[in-house]
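Visitor: Please see the structure below; I have some questions.
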Ligand code: SAM
Ligand code: SF4
Ligand code: SF4
């Protein structure tokens with residue numbers, strides 16, 4: 001990946017030349033639904049509240065990361081909107097020099113109530129997960145009710161002025177096929193961008209199999225047959241996971257995130273911080289880099305911002321080149337998606 005000219009020595013560059021500018025912050029492992037591709041159905045043991053980083057701790061971590069070239073944040077979880085007063089965290093993060101983009105990924109259930117305060121706090125972009133427009137299918141996937149609340153959340157976000165809202169839909173064989181055309185019609189008629197994400201081996205129940213992945217190419221073929229040709233859109237950034245297209249009739253755009261059929265690790269620029277303050281250099285890494293221990297050590301043993309910066313560098317230096325999902329010796333990570341932060 002060619003490095004921009006204004007990169008200084010302290011930036012987070014790994015052994016393969018990948019510059020890390022993007023941080024995904026999980027603010028909770030809790031969720032108000034139980035999607036089968038992510039969480040267990042029952043008896044979920046959540047982290048005790050005191051183990052989660054406070055807003056002050058997250059802010060300090062981000063300040064250090066911003067000093068090392070991180071400029072984009074995405075808040076996620078679990079369901080980030082169940083973390084109380086999330087807008088206050090956004091306000092803090094929006095004031096950190098160097099942070100120029102803050103996005104949020106949400107299931108949308110609590111969005112109608114929070115859209116306005118999130119916007120005022122400085123949130124720039126919203127991704128809303130929507131796998132179906134059918135309530136029975138929503139219940140089958142999430143083991144909860146609530147599709148109408150998600151739709152209310154989407155429209156409330158548009159009303160308060162969020163632009164370029166993206167819908168994320170999971171792509172799972174024998175589930176998603178029937179949802180593709182209704183979701184595309186909904187997105188096209190409501191000025192929303194739709195992205196399909198291939199199912200990854202990050203479900204808590206361990207049911208993932210390669211043949212359950214509905215590939216982006218298959219979805220593309222279905223869309224072209226139903227609507228019109230899809231024309232490639234030039235990538236805005238080489239590191240963006242999605243390949244985007246516009247419908248040739250000029251109505252709407254569609255994107256594909258194909259981590260299984262077309263891995264994009266070679267251009268990865270992402271780091272993650274779990275809700276309990278562990279840095280992970282890859283969704284598929286099992287190694288935790290314990291930022292919380294340093295954040296909480298400050299008053300006792302004097303861990304400094306430089307120590308935190310060093311931890312970030314050590315974590316990035318240890319990053320593997322790729323996830324290896326399709327290799328014979330692939331090992332599923334010890335945490336599921338809701339515990340890492342998607
Ligand atoms: N709760 C929020 C939501 O659902 O949008 C944010 C966290 S969720 C873990 C973030 C994204 O991860 C969602 O779009 C979800 O569809 C996706 N996801 C969860 N499990 C996945 C899996 N096994 N494979 C691919 N994507 C997954
Ligand atoms: Fe919750 Fe998001 Fe996981 Fe669904 S995908 S269970 S909404 S964290
Ligand atoms: Fe980056 Fe790991 Fe995802 Fe590959 S699998 S894109 S290296 S986070």
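Derivation of every value follows stated rules applied to the coordinates shown; laboratory data play no part. In this text, all values refer to a predicted model and were calculated from it rather than measured experimentally. We place every Cβ from the backbone using ideal geometry, glycine too, and count neighbours over all the protein chains shown.
Visitor: Return the percentage of antiparallel bridges among DSSP beta bridges fully within the range 1-126, rounded to the nearest 5 %.
Guide: On the way: 1 of 12 bridges.
Percent antiparallel among DSSP bridges in the range 1-126 is about 10.
Visitor: Antiparallel DSSP bridges in the chain: what percent, to the nearest 5? Spell out each step's value before the answer.
Guide: Values: 14 of 44 bridges.
Antiparallel: roughly 30 percent of the beta bridges in the chain.
Visitor: For labels at residue 237 and residue 136 in the simple 7 Å Cα→Cβ model, what's the distance in nm?
Guide: The modelled label-to-label distance comes out at 4.2 nm.
Visitor: What nm value, rounded to one decimal, do you get for the distance between residue 160 and residue 306 when each label is placed 7 Å out toward the C-beta?
Guide: Between residue 160 and residue 306, the label points sit 4.2 nm apart.
Visitor: With springs connecting C-alpha atoms under 10 Å apart, model the chain as a Gaussian network and identify which of 131, 286, 244 has the largest mean-square fluctuation.
Guide: Looking only at 131, 286, 244, the biggest GNM fluctuation is shown by 286.
Visitor: Another one. Could you work out [θ]222 nm for the chain from helices alone, using -39500 (n - 2.57) per DSSP H run of at least four and dividing by all its residues? Round to the nearest 500 deg cm²/dmol.
Guide: Working: 10 runs with 103 residues, N = 342.
Helices in the chain give a 222 nm mean residue ellipticity of -9000 deg cm²/dmol.
Visitor: Rounding to the nearest 10 and keeping the result within 0 to 90°, find how far the Cα-based axis of helix 55-67 lies from the longest principal axis of the chain.
Guide: Tilt of helix 55-67: around 90 degrees.
Visitor: Order by neighbour count: 61, 55, 199, 16, fewest other Cβ atoms within 10 Å first, most last. It would help to have the intermediate numbers written out before the result.
Guide: Values: 61 25, 55 17, 199 22, 16 13.
With the sparsest Cβ surroundings first, the list reads 16, 55, 199, 61.
Visitor: Would you mind checking the tilt of helix 216-226 against the longest principal axis of the Cα atoms of the chain, expressed as 0 to 90 degrees and rounded to 10?
Guide: With both axes taken from Cα atoms, the answer is about 30 degrees.
Visitor: Which angle from 0 to 90°, rounded to the nearest 10, does the C-alpha axis of helix 147-159 make with the longest principal axis of the chain?
Guide: 70 degrees
Visitor: While we're looking at this one, here's another question. Compute the length gained on full extension between residue 43 and residue 173: take 0.36 nm times their separation in residues and subtract their Cα-Cα distance, giving the result in nm to one decimal.
Guide: Numbers: separation 130, 0.36 × 130 = 46.80 nm, distance 2.69 nm.
Between residue 43 and residue 173, full extension yields an extra 44.1 nm.
Visitor: Another question, if that's okay. What's the center-to-center distance, using Cα atoms, between the range 70-145 and the range 151-166 in Å?
Guide: For the range 70-145 versus the range 151-166, the Cα centre distance is 11 Å.
Visitor: Please order 49, 246, 166 by the number of other Cβ within 10 Å, starting at the fewest.
Guide: Values: 49 9, 246 16, 166 20.
Ordered by Cβ neighbours within 10 Å, fewest first: 49, 246, 166.
Visitor: For each of 164, 212, 319, count neighbouring Cβ atoms within 10 Å of the residue's Cβ, then give the residues from fewest to most. Walk me through the intermediate numbers first.
Guide: Details: 164 12, 212 18, 319 22.
Neighbour counts put them in this order, fewest first: 164, 212, 319.
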